[in-house]
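Take a look at the structure below.
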Amino acid sequence: MSAAIPRRSPSSPISPSAPPVLAEVVRSGFVEGRHRGSLVLLAADGSVERALGDVTSPVFPRSSNKPMQAAGMLRAGLDLSGERLALAAASHSGERFHRDLVEKMLAESGLDRALLQCPPDLPLDPQEREAFLASGAVRDRVAMNCSGKHTAMLAACVLRGWPLDSYLDPAHPLQRLIHRTVEETAGEAVAAVGTDGCGAPLAAISLTALARAYRAFVLAAAGSPERRVADAMRAHPEYVGGTRRHDTRLMRDIPGALSKTGAEAVQAVALSDGRALAFKVEDGSTRALGPVLGRALTLLGVRPPRPTELGAAPLLGGGREVGEIRAAF
């Protein structure tokens, strides 16, 4: 018989190295859970205004890296703008207008959807997913939330005459260029390279570097790749997320804001004057994103325009509200 694995009792002290609590789960007045993580806030001049937890060790920003990836494609010479460029930096919801534009972008570059190496998937948005399945559709590469990025990567390769079959190889010329773009905009060397959920190479940087990259995008010179990406995302936020996504709503409601979430509960935001934030919820729980983001914006001096969405999130019991998930810092 194997030895029993000791379990920490609820009263046992948390290790001093554990990340601080960013959000609490409160049910019927009782705190039943906590979400820990790390967060950094930058002042307009780029200095660290507040840091919670470890904001200097590398993390995988996941899809929060997409603006840097899109800028790398522009540096390769890809001429995208408007909705197309926003979609290249997107984690789209898989709504009909997202899928239609991906199909158009493929056709415009003479590409077949079979060249996409992102995995077949269902739409990210729950309502769209139900409608998609009800129509008889099945998992599809175009419906996958990263299909805009993959289409733009392939289009850049067509333009430069680079191999298409190996476009996700970290040693591919496009991926090497994206790697350099991440390092230059973040002001920090990439600490590790992994594979993202869509199959693309994923660069690890610190939360402080992530916030500084977003700051660099909103403050970049007009017409530069970084500013073009930021402007496209802010002008067409529904293509970055979807009609029911908080990135979309935030960029619509806060003039000049650049916002992008990533899997495993990563979030980065920059404001037009250079204030910025980045955080990661340690357990990857996306239910804590709204409350933590709402509180972080408040600390940056921005009143969340939709406090019911970026603030305490309701907790249900028996179909009615019995508690909330709330920020704890």
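Some points to look at:
- Accessible area ranking (1.4 Å probe, heavy atoms, ligands and nucleic acids excluded), largest first, for Glu130, Glu264: Glu130, Glu264.
- In segment 65-200, one over the average inverse separation of all distinct C-alpha pairs is 15.1 Å, which is the Kirkwood hydrodynamic radius.
- Toward the positive end of the charge dipole of segment 71-143, with +1 on the Cβ of Lys and Arg and -1 on the Cβ of Asp and Glu, the farthest Cα among Val102, Pro119, Gly136 is that of Pro119.
- Kirkwood-Stokes translational diffusion coefficient of the chain, alpha-carbon pairs, 10 °C, 1.306 mPa s, µm²/s: 78
- Extension gain, Ser47 to Asp112: 0.36 nm times the residue separation minus the Cα-Cα distance gives 18.8 nm.
- Point-to-point label distance, Arg180-Val138, nm (Cα→Cβ direction, 7 Å offset): 4.3
- Carbon/sulfur fraction of accessible area - the chain, other protein chains in place, 1.4 Å, %: 51
- Based on the Kirkwood approach, the hydrodynamic radius assigned to segment 96-152 is 11.4 Å, with every pair of different Cα atoms included.
- Dimensionless Rg over Rh [segment 210-299; C-alpha; Kirkwood]: 0.95
- Kirkwood hydrodynamic radius of segment 115-181, from inverse mean 1/r over distinct Cα pairs, in Å: 13.2
- Coarse-grained scattering of segment 176-241 at q = 0.21, 0.28, 0.29 Å⁻¹, given as base-10 log I(q)/I(0) from a Debye sum over alpha-carbon atoms: -0.98, -1.18, -1.18
- Debye log10 I(q)/I(0) for segment 23-131, one point scatterer per Cα, at q = 0.20 Å⁻¹: -1.15
- Rounded tilt (10° steps) of 173-186 against the dominant C-alpha axis of the chain: 40
- C-alpha long axis of helix 225-235 to longest principal axis of the chain, angle in °: 70
- Accessible area expressed per residue, segment 126-186, with surrounding protein chains retained (probe 1.4 Å, Å²): 46
- Folded to 0 to 90 degrees: helix 147-160 orientation relative to the chain principal axis, Cα: 40
- Summing charges over all other residues whose Cβ lies under 12 Å from the Cβ of Ser28, with Lys and Arg as +1 and Asp and Glu as -1, gives -1.
The values are calculated or read from the model by the stated rules, or taken from the named source; none is laboratory data. The shown structure was predicted, so the numbers you read here are calculated from the model rather than taken from an experiment. Glycine gets a Cβ as well: all are built from the backbone with ideal geometry, and neighbour counts include every protein chain shown. The protein model used for the area step is the full one, side chains on, heavy atoms only, and it has no ligands, DNA or RNA in it. Shrake-Rupley method; radii C 1.70, N 1.55, O 1.52, S 1.80 Å.
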